[in-house]
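Colleague: Below are the structure tokens for one structure; questions will follow.
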Amino acid sequence: MKKATQFIHAGAHPDPGTGAIMTPIFQTSTYVQEAPGVHKGYEYARSQNPTRAALEEALAVIEGGQFGLAFSSGVAATDAVIKLLKPGDEVICGNDMYGGTYRLFSKIFLKFGIVFHYVDMTDLKNVADAVTPATRLIWAETPTNPLMNIADIKGLANIAKTNNILLCVDNTFASPALQNPLSLGADIVMHSATKYLSGHSDVIQGALVINDKALRDELYFIQKSCGAVPGPMDCFLVLRGIKTLGIRMERHSFNGEKIAHFLKTHPAVKKVYWPGFTDHPGHEIAKSQMHSFGGMISFELKNDTMDAARKVLSGTKLFSLAESLGGVESLINHPASMTHASIPREERIKNGLSDTLIRLSVGIEDADDLIADLDQAIGLTAGHE
Ligand SMILES: *Cc1c(COP(=O)(O)O)cnc(C)c1O
């Protein structure tokens, strides 16, 4: 089945009791048993819920995997993956990634004895060099948040396979419509379903997709034992979001391309981070592993003062100043003080995330209106060079 069809039909089975075409929201904590131990596969809703089961099936189908697992947030999904490990195990991860992932690794799991090596993953040699006999997991994000760096998923998978290490890819920025890491050799795909999967900025949720049954069972055991499960209403919302994921991502990519080019030619803009540019260092790899380049763009002004950045951040009218991304509406964000504030400043600067970087989540409005909005906001900095 082609992708566009999968987004509409994955996980959707008419309700056997009523014929309802949409999966009902099974708002229940428990299930009545006919006799002790005699039940329909549903015992207690932390372990199983039919709305969640429909979503988990859909997640697997649209990522091209065998099994899906839904969590109460993206970081809860990440948390479950790290709980596969034990003290002394080592993880190789990127030096540019979502701030909350960095916080979870460095502030929570470090004290449980898990060792994290942060490397520049745009060069596979850095990853290969960081492998030790204790390495159990490679954690990759591509494109990265917020610098839009690209890691070669196939290359990472080769290193992982050769050394018997798991590879997990945070696929939030691309979404299953633009990139499918399992098909490139990853073992686990992680999503913040809060973002493109839900698509409407109305739910917090996370997801994992896996091919290997034993690995799925281990992660399911963690999911039910640790309990970070999403409620049925949230599962319903993400199921609904997935139906339009294909056409939304087409429009996000279309608008993203227009805005990236507008910014690149703007006289007040110094640098634009977007993997669709042919001169982006990761462009060829991005082109080979992504269907299109999406709607996430970061940029810096020639005037690199906080005052100028603040004028743009507060000056847009259609782009709302907010954390998060992937919704139908456009957002503007200041990583240094918002999404990535939990990363120490020296670390951020060292990895190329400047104090004045501005990140855009380009929505699906009319691109001309979005460009006019950015143009007027950047214009507010004129005469302050
Ligand atoms: C938002 C985000 C997360 C965390 O997900 P939550 O749903 O906020 O817990 C992880 N990775 C990336 C790339 C994100 O953008």
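Colleague: Of all residues in the range 151-174, how many are part of a loop (DSSP other than H, G, I, E, B), in contact (Cβ under 8 Å) with a residue 24 or more places away in the chain and surrounded by fewer than 24 Cβ atoms within 10 Å (Cβ to Cβ)?
Modeller: 3
Colleague: Follow-up. In the range 337-375, which residues are over 14 Å from residue 256 (Cβ atoms), assigned to a loop (DSSP other than H, G, I, E, B) and more than 16 Å from the ligand (Cβ to nearest atom)?
Modeller: Of everything in the range 337-375, those that are over 14 Å from residue 256 (Cβ atoms), assigned to a loop (DSSP other than H, G, I, E, B) and more than 16 Å from the ligand (Cβ to nearest atom) turn out to be 337, 344, 352, 354, 355, 356.
Colleague: Identify, from the list 135, 122, the residue that is touching a His at 6+ places or on another chain (Cβ under 9 Å), more than 15 Å from residue 347 (Cα to Cα), of a type in the set (Val, Ile, Thr) and assigned by TED's automatic domain parsing to the domain that holds residue 162.
Modeller: Details: 122 fails: touching a His at 6+ places or on another chain (Cβ under 9 Å).
Every option except 135 fails the conditions.
Colleague: Could you count how many residues in the range 57-66 are charged (D, E, K, R) and either assigned to a loop (DSSP other than H, G, I, E, B) or surrounded by fewer than 21 Cβ atoms within 10 Å (Cβ to Cβ) (or both)?
Modeller: Filtering the range 57-66 for residues charged (D, E, K, R) gives 57, 63.
Still in the running and either assigned to a loop (DSSP other than H, G, I, E, B) or surrounded by fewer than 21 Cβ atoms within 10 Å (Cβ to Cβ) (or both): 57.
Final tally of qualifying residues: 1.
Colleague: Somewhere in the range 150-158, is a residue modelled with pLDDT of 95 or more and farther than 25 Å from residue 212 by Cα?
Modeller: Yes: one or more hits.
Colleague: Shifting gears a bit: Within the range 189-209, does at least one residue satisfy the condition of being more than 10 Å from the ligand (Cβ to nearest atom) and modelled with pLDDT under 95?
Modeller: No: the range 189-209 contains no residue that is more than 10 Å from the ligand (Cβ to nearest atom) and modelled with pLDDT under 95.
Colleague: Could you say whether any residue in the range 33-54 is surrounded by 14 or more Cβ atoms within 10 Å (Cβ to Cβ), touching a Pro at 6+ places or on another chain (Cβ under 6 Å) and not in a loop (DSSP other than H, G, I, E, B)?
Modeller: Yes, because at least one residue in the range 33-54 is surrounded by 14 or more Cβ atoms within 10 Å (Cβ to Cβ), touching a Pro at 6+ places or on another chain (Cβ under 6 Å) and not in a loop (DSSP other than H, G, I, E, B).
Colleague: Quick check: is even one residue across the range 93-108 in the same structural domain as residue 65 (by TED's automatic domain parsing) and more than 16 Å from the ligand (Cβ to nearest atom)?
Modeller: No: the range 93-108 contains no residue that is in the same structural domain as residue 65 (by TED's automatic domain parsing) and more than 16 Å from the ligand (Cβ to nearest atom).
Colleague: State yes or no: is residue 124 more than 21 Å from residue 193 (Cβ to Cβ) and touching a helix residue (DSSP H, G or I) at 6+ places or on another chain (Cβ under 6 Å)?
Modeller: Criteria met by residue 124.
The rows are residues; the columns are (1) surrounded by fewer than 23 Cβ atoms within 10 Å (Cβ to Cβ); (2) under 28 Å from residue 105 (Cβ atoms).
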| site | (1), (2) |
| --- | --- |
| 319 | no, no |
| 322 | yes, yes |
| 350 | yes, yes |
| 361 | no, yes |
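Colleague: Here's a follow-up. Collect the residues in the range 205-221 that are small (Gly, Ala, Ser) and either surrounded by 21 or more Cβ atoms within 10 Å (Cβ to Cβ) or not assigned by TED's automatic domain parsing to the domain that holds residue 231 (or both), keeping them in residue-number order.
Modeller: Result: 206, 207.
Colleague: Just need a number here: residues in the range 124-141 that are acidic (Asp, Glu) and away from the ligand (no atom under 16 Å from the Cβ).
Modeller: 1
Colleague: Say whether the condition of being assigned to a loop (DSSP other than H, G, I, E, B), more than 24 Å from residue 343 (Cα to Cα) and in contact with a strand residue (DSSP E or B) (Cβ under 8 Å, 6 or more places away or on another chain) is met by at least one residue in the range 103-118.
Modeller: No: zero hits.
Colleague: Within the range 67-89, which residues are surrounded by fewer than 20 Cβ atoms within 10 Å (Cβ to Cβ) and away from the ligand (no atom under 11 Å from the Cβ)?
Modeller: Once the filter is applied, which keeps residues that are surrounded by fewer than 20 Cβ atoms within 10 Å (Cβ to Cβ) and away from the ligand (no atom under 11 Å from the Cβ), the range 67-89 yields 83, 84, 85, 86, 87, 88, 89.
Colleague: Another question, then. Residues of the range 311-328 being closer than 18 Å to residue 296 by Cβ and away from the ligand (no atom under 16 Å from the Cβ), which ones?
Modeller: 312, 313, 316, 318, 319, 320, 321, 328
Colleague: Okay, moving on. Please count how many residues of the range 240-277 are in a loop (DSSP other than H, G, I, E, B) and touching a helix residue (DSSP H, G or I) at 6+ places or on another chain (Cβ under 9 Å). Outline the logic, then answer.
Modeller: Taking the range 240-277 as the starting set, the residues that turn out to be in a loop (DSSP other than H, G, I, E, B) are 244, 265-268, 274-277.
Then drop every residue that is not touching a helix residue (DSSP H, G or I) at 6+ places or on another chain (Cβ under 9 Å), which leaves 244, 266, 268, 274-277.
Selection size over the range 240-277: 7.
The values are calculated or read from the model by the stated rules, or taken from the named source; none is laboratory data. Not measured: the values here are computed from a predicted model. No Cβ is skipped: glycine too gets one built from the backbone with ideal geometry, and neighbour counts run over all protein chains shown.
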